[in-house]
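Undergrad: Take a look at this one; I'll ask things after.
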Amino acid sequence: MSHLITIQTQVRDSVAIASACSRLRLPPPAHRTVKLFASAETGWAVELPEWRYPIVCQTDSGELKYDNFGSRWGDQSHLDRFVQAYAVEMVKLQARRQGQTAIEQPMADGSIRVQIAVAG
């Protein structure tokens, strides 16, 4: 039996953030204070390709703080890929923590299907 689940992602797990960075071949995230254009934000800094400023993952709130000036300082597609990678890595991590197996399948439309094999 199959169940379709839609996930609204909040970025709260530093292990999944690091796994998403590794998956996308980004530098490892670093917990630090980052100067954005008009503010400073503290959290897990992720360097996206060709972005002027890193994104900051605030795991306490689940929020992402960033400044890409309407995609002039960073291509939105890089952020979208990071959020997708984070969501997939988080699902796989949660499955492993519960002793289950997660199998991912890339789809033609760019989405990723993750199936959880439940024991028993």
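The values are calculated or read from the model by the stated rules, or taken from the named source; none is laboratory data. Just so it is clear, the model here is predicted, and its values are computed rather than measured. Cβ coordinates were reconstructed from backbone atoms using ideal geometry, including for glycine residues, and neighbour counts include every protein chain displayed. Each accessible area value is taken on the protein alone, full model and side chains, heavy atoms only, with ligands, DNA and RNA left out. Shrake-Rupley method; radii C 1.70, N 1.55, O 1.52, S 1.80 Å.
Undergrad: Is region 48-65 home to any residue that is in contact with an Asp or Glu (Cβ under 7 Å, 6 or more places away or on another chain), within 22 Å of ILE116 (Cβ to Cβ) and open to solvent by 70 Å² or more (accessible area, probe 1.4 Å)?
TA: No; the residues of region 48-65 include none that is in contact with an Asp or Glu (Cβ under 7 Å, 6 or more places away or on another chain), within 22 Å of ILE116 (Cβ to Cβ) and open to solvent by 70 Å² or more (accessible area, probe 1.4 Å).
Undergrad: Follow-up question, since we're still on this one. Restricting region 18-47 to residues that are at pLDDT 95 or above and of a type in the set (Ser, Thr, Tyr), which is surrounded by the most Cβ atoms within 10 Å (Cβ to Cβ)?
TA: SER19
Undergrad: Looking only at region 95-120, which residues are open to solvent by less than 70 Å² (accessible area, probe 1.4 Å) and either among the acidic types (Asp, Glu) or assigned to a helix (DSSP H, G or I) (or both)?
TA: ALA95, GLU104
Undergrad: Same structure, new question: Against the condition modelled with pLDDT under 95 and of a type in the set (A, V, I, L, M), how does VAL118 come out, does it pass?
TA: Values: modelled with pLDDT under 95: yes; of a type in the set (A, V, I, L, M): yes.
Yes, satisfied.
Undergrad: Moving on to the next point. Kindly indicate whether VAL15 is assigned to a helix (DSSP H, G or I) and either at pLDDT below 95 or more than 18 Å from ASP80 (Cα to Cα) (or both).
TA: Numbers: assigned to a helix (DSSP H, G or I): yes; either at pLDDT below 95 or more than 18 Å from ASP80 (Cα to Cα) (or both): yes.
In short, yes.
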